[in-house]
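Below: the structure, in structure tokens.
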Amino acid sequence: MFDNGSYANVASQLLEDTGIEKIVNDLIEPRVKELFSDKALDFLRTCWQAGSLPNISFLKLYNIKNAQPFLEVNTQFKYVERWGELAGLWFEEIENMQDDNDSVGRLTAFDSECNTCREQCSQ
């Protein structure tokens, strides 16, 4: 099914031949965009890059009804417990893949906003 070759060749085969790219583009990306505004994703990305969890107030601030699978929230005690299973994959792989392919995804560089977001993440 796969040809031997470099990691880039194998990755290309997985993305193009097996349809992972189609799954990401047709299922995952639209769902993420439905759940989170661009500003909310920017905020989450900044928290992810800073190694911090966002405060639970983030959900109300960005009008987020369901943070899964990005965040695991303890609703009983009202706090963000940990990053969900999609956060790392999204911020480390999917967005980078989208950037590499010049598709809709984007990584934004934070300069002045970075400190503000880090402060909000740690509160």
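The values are calculated or read from the model by the stated rules, or taken from the named source; none is laboratory data. Just so you know, these numbers come straight off a predicted model, no measurement behind them. Every residue, glycine as well, gets a Cβ built from its backbone with ideal geometry; the counts of neighbours run over all protein chains shown.
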Practice task
Select from the stretch 20-37 the residues that are surrounded by fewer than 12 Cβ atoms within 10 Å (Cβ to Cβ) and either outside any helix (DSSP H, G or I) or acidic (Asp, Glu) (or both) and write down the one among them that is modelled with the highest pLDDT.
Solution key: Glu34
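Taking into account only those residues within the stretch 41-50 that are under 17 Å from Leu89 (Cβ atoms) and over 10 Å from the mean Cα position of the chain (by Cα), which is surrounded by the fewest Cβ atoms within 10 Å (Cβ to Cβ)? Lay out the reasoning, then the answer.
Keep residues of the stretch 41-50 that are under 17 Å from Leu89 (Cβ atoms), which gives 41, 44-45, 47-49.
Going one step further and asking which of them are over 10 Å from the mean Cα position of the chain (by Cα), we end up with 47, 49.
Numbers: Cys47: 24, Gln49: 15.
Residue satisfying both the conditions and the ranking: Gln49.
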Exercise for the section: Filter the stretch 76-122 down to residues that are closer than 16 Å to Ala50 by Cα and aromatic (Phe, Trp, Tyr) and give me whichever is modelled with the highest pLDDT. Expected result: Trp83
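Quick check on the stretch 77-89: of everything there that is assigned to a helix (DSSP H, G or I) and touching a Phe, Trp or Tyr at 6+ places or on another chain (Cβ under 7 Å), which residue is nearest to Ile56 (Cα to Cα)?
First, the residues of the stretch 77-89 that are assigned to a helix (DSSP H, G or I): 85-89.
Filter once more, keeping what is touching a Phe, Trp or Tyr at 6+ places or on another chain (Cβ under 7 Å): 86-87.
Details: Leu86: 18, Ala87: 16 Å.
The selected residue is Ala87.
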Practice task
Look at Asn55 and say whether it is loosely packed, with under 12 Cβ neighbours inside 10 Å and either in contact (Cβ under 8 Å) with a residue 40 or more places away in the chain or polar (S, T, N, Q) (or both).
Solution key: no
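I'm trying to understand the selection: among the residues of the stretch 28-47, which are hydrophobic (A, V, I, L, M, F, W, C), touching a residue at least 40 places away in the same chain (Cβ under 8 Å) and closer than 14 Å to Pro69 by Cβ?
Here is the first cut: in the stretch 28-47, the ones hydrophobic (A, V, I, L, M, F, W, C) are 28, 32, 35-36, 40-41, 43-44, 47.
So of that shortlist, the ones also touching a residue at least 40 places away in the same chain (Cβ under 8 Å) come out as 28, 32, 43-44, 47.
Passing the criteria: Ile28, Val32, Leu44.
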Handout entry: Residue check for Val73: modelled with pLDDT under 90 and β-branched (Val, Ile, Thr)
Key = no
